[in-house]
Structure formats: structure tokens, C-alpha cells
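Chemist: I'd like to ask you about the structure that follows.
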Amino acid sequence: MSTTAFAFILASYLIGSLSFAVIVSRLMGMADPRSYGSGNPGATNVLRSGKKLAALLTLIGDGAKGWVAVFLTASLGATYGLGQQEIALSGLAVLIGHMWPVFFGFKGGKGVATAVGVLFGFSPWLALACLATWLFMAVVVKISSLSALTAAVLAPVYAFFIVGTQGPYFGTCLIIAILVVHRHKSNLINLLSGREDKIGAKADDQSANR
């Protein structure tokens, strides 16, 4: 790996390490999202505070950083001869940064919004397919984690048809799905036991939702 490629991948990780749930909450004078609800620094847990604007800003920020990391590597990296392999690695790096952020003690979110942002960078159609899956499940079952898990598991399937298997994006989607499912282990336990909260649950609901 070249020094330039490493620099872009490292920058992507640092971008991912910006936890917008914590940043937005601090700027709006709210409690740290890691101190209530599920303790997860993500948009769904911020929504438990009752501050819909904060949750929306968190969602946008976490999604945007995934796209930005991929976009910067794709646009600026081309000048240095970087291609799809480095773009894919940057996508993984920004997601890993979100999940294990260096700026916040390596305790991050579950990566759903950031993963969607990464997929937008790979292919808008791929991201829209996953987003549509999440929205459909959210409307039907009203459980954020189940919606996220369904979209994550189907992401490689969509990638197979939309981007194909020849480049690095299909394999990257597989890894993204594995990471997102891994971060939702506690949610899976709650789902199986029937204790998983629904979207919009208040901060005193102590589940491990997203």
C-alpha cells in the first residue's frame, strides 16, 4: 500500500471517528447520549431524548461522513492513481471509525447511517435499495434494529445485482454487513427475547437499540 493510499484511509478513519450524536448533543446542551437509553451514540438513541432535531442532525451527520470519506478518496485520490480498491478501503475505514472512534474512547455507534453513506459513495442505487428496505421494515415492524439488520443482510444481495462481483465493492458490502450485524449482537438477543424497543421509545427505556 502506498503512503498516499494509507493517508486517505487514515483520514477516512478520523472522519468516521467524529461521533455526531455526541457532538450535536453537546452543541445543543443535551445529555451525552452514552448516558441514557441504550447508551449507543446514534440517531435512534438521541431520539429517546425527545429532541427530534438533534436526532435528525445526528442522522445526517453520521450518514454524510460516510459519503464524504468515499467521495474524497474517489475524487482527490484519482490524481494519485488510487482506484476502487482504495475507495472501498476508505469506506471500511470510515465505518470502523464510527464504530470504534479514536476521539471518544473507541466506544462508537452501530454504523447504520454511516454504512448507508458509504454505499451512496459506491452506488446511489445500492444505497437507495438498502434505505428503502430500512424504511419499509421501520414502517411495518417499527423496530429500528430489525430494520437495520434486514437492510444490512440484504446489502450484499443488492450489491450482487447492482455493482456486480468483479470489483471490490461486493466484498466490501459483505464486510459491512458482518460489522453491522456484529454491532447489533445485543439487539439480536433482545429481539429473540421480545424486549427490543420500538422506534421513538423514551430515554428511560433501557434496551440496546441502535
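Chemist: So how do 41-48, 166-173, 86-93 stack up, highest first, on mean other-Cβ count within 10 Å?
Modeler: Output ranking for 41-48, 166-173, 86-93: 41-48, 86-93, 166-173.
Chemist: Going by how many other Cβ atoms sit within 10 Å of their own, how do PHE8, PHE136 line up, fewest first? Please report the intermediate quantities before stating the final value.
Modeler: Numbers: PHE8 23, PHE136 13.
In order of increasing Cβ crowding within 10 Å: PHE136, PHE8.
Chemist: State the extension gain, in nm to one decimal, for the chain segment bounded by THR3 and VAL141, taking 0.36 nm per residue of separation less the distance between their alpha-carbons.
Modeler: 45.0 nm
Chemist: Can you sort THR79, THR4 so the residue with the fewest Cβ neighbours within 10 Å comes first?
Modeler: In increasing order of surrounding Cβ atoms, one gets THR79, THR4.
Chemist: Taking the chain as a Gaussian network, where each spring joins two C-alpha atoms under 10 Å apart, which residue of ALA21, ALA132, ALA74 fluctuates the most?
Modeler: In this elastic network of the chain, the residue with the biggest mean-square fluctuation among ALA21, ALA132, ALA74 is ALA132.
Chemist: Calculated from DSSP H runs of 4 or more alone, at -39500 (n - 2.57) each and per residue, what is the 222 nm mean residue ellipticity of the chain, nearest 500?
Modeler: -21500 deg cm²/dmol
Chemist: Right, another one. Would you indicate which of [x] 200; [y] 179; [z] 108 is the value of volume of the Cα convex hull per residue in Å³ derived from the coordinates of this structure?
Modeler: [z]
Chemist: Return the FRET efficiency for the residue pair GLN166, LEU53: r is the Cβ-Cβ distance, R0 is 45 Å, and the value is rounded to the nearest 0.05. Present the calculation step by step, with values, prior to reporting the outcome.
Modeler: Details: r = 43 Å, r/R0 = 0.95.
Once rounded, the FRET efficiency stands at 0.60.
Chemist: If I take R0 = 45 Å and measure r between the Cβ atoms of LEU76 and LYS198 in this structure, what FRET efficiency does the formula 1/(1 + (r/R0)^6) give, to the nearest 0.05? Before the final figure, lay out the partial values.
Modeler: On the way: r = 42 Å, r/R0 = 0.93.
E between LEU76 and LYS198, to the nearest 0.05, is 0.60.
Chemist: What lysines sit close enough to LYS185 to cross-link, taking a C-alpha to C-alpha distance under 18 Å and skipping anything fewer than 8 places away on the same chain?
Modeler: Correct list for LYS185: LYS107, LYS110, LYS198.
Each reported figure results from applying straightforward, stated rules to the coordinates on display, with no laboratory input. Keep in mind that this is a model prediction, so the values were computed, not measured. Glycine also receives a Cβ, built like all others from the backbone with ideal geometry; neighbour counts cover every protein chain displayed.
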